[in-house]
Amino acid sequence: MQETYIQDKTFNRIDFIQNPLAKGEYEHCIFNNCNFADCDLSEFVFIDCQFESCNLSLAQLNKATLRDIKFKDCKMLGLRFDNCNAFGLSFSFEGCQLSHTSFYKTKIRNTIFKNTDLQETDFTETDLANSVFNNCNLAKAVFENTILEKVDFRTSYNYSIDPEINRIKKARFSILGIGGLLDKYDINIEQ
């Protein structure tokens, strides 16, 4: 059975639970206000695609290829990006809800997270070098053995990062966020 190849197509307001997306490769496609919640996107290939105002919560991403993907204003709760095809894995997020998501052991250098909710997201052993967290909520996000070299956290908040178990050389923090680097010491910082 031959897989589908779709290029330069826009999908508007489609509920892929009711009308499943054909398994295959999607290149330069735009998905607007589409519902992928709980859909099985395993082994799908998405290259240079945009997802805007979509719900992808709890979608299965086993061996899915996500290369140069832009997610904007999407609900993406509980996703397992660690199950994606690691080759070429690259994306950016703006205005998204990514709480309870896992990036465990992924190599996602230079990733942009802008105005994104990342509460309780797992970044354990993730390579985030040169990434930017612009105005992101990182409450209870997990950073353990994570590469955070040259990462910009200056406008983000609620993070707790242990410098002793993460690589943070040349990472950037605001003076207001310094407390997030000292949480394990249970000290009070006052102005």
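The values are calculated or read from the model by the stated rules, or taken from the named source; none is laboratory data. In this text, all values refer to a predicted model and were calculated from it rather than measured experimentally. All Cβ positions, glycine included, derive from the backbone under ideal geometry; neighbour counts span all protein chains shown. Keep in mind that these areas ignore ligands, DNA and RNA; they rest on the heavy atoms of the full protein, side chains included. Shrake-Rupley method; radii C 1.70, N 1.55, O 1.52, S 1.80 Å.
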Q) Does LEU58 count as out of contact with any helix residue (DSSP H, G or I) (no Cβ under 8 Å at 6 or more places or on another chain), on the phi > 0 side of the Ramachandran plot, of a type outside the set (D, E, K, R) and surrounded by 15 or more Cβ atoms within 10 Å (Cβ to Cβ)? A) yes
Q) Only one of SER131, SER92 is open to solvent by 10 Å² or more (accessible area, probe 1.4 Å) and at pLDDT 95 or above; which? A) SER92
Q | Selection from segment 69-85 of residues that are over 12 Å from PHE51 (Cβ atoms) and either part of a strand (DSSP E or B) or touching a Leu at 6+ places or on another chain (Cβ under 6 Å) (or both) | A | GLY78, ARG80, ASN83, CYS84
Q | Residues of segment 95-108 satisfying the condition of being crowded, with 17+ Cβ neighbours inside 10 Å and not in a loop (DSSP other than H, G, I, E, B) | A | GLN97, SER102
Q | Members of segment 26-55 that are of a type in the set (S, T, N, Q), surrounded by fewer than 21 Cβ atoms within 10 Å (Cβ to Cβ) and at negative phi | A | ASN32, ASN35, SER42, GLN50
Q) Is one or more of the residues making up segment 109-120 part of a loop (DSSP other than H, G, I, E, B), open to solvent by less than 10 Å² (accessible area, probe 1.4 Å), in contact with a Leu (Cβ under 6 Å, 6 or more places away or on another chain) and closer than 19 Å to ARG67 by Cα? A) no
Q. For segment 121-133, which residues satisfy the criterion of being aliphatic (A, V, I, L, M) and either part of a loop (DSSP other than H, G, I, E, B) or on the phi > 0 side of the Ramachandran plot (or both)?
A. LEU128, ALA129
Q.
Cβ-Cβ distance below 6 Å, separation of 6 or more or different chains: which pairs start in segment 121-147 with a residue that is within 12 Å of TYR159 (Cβ to Cβ) and end on one that is among the small types (Gly, Ala, Ser)?
A. THR121/ALA141; PHE133/SER156; CYS136/SER156; LEU138/SER156
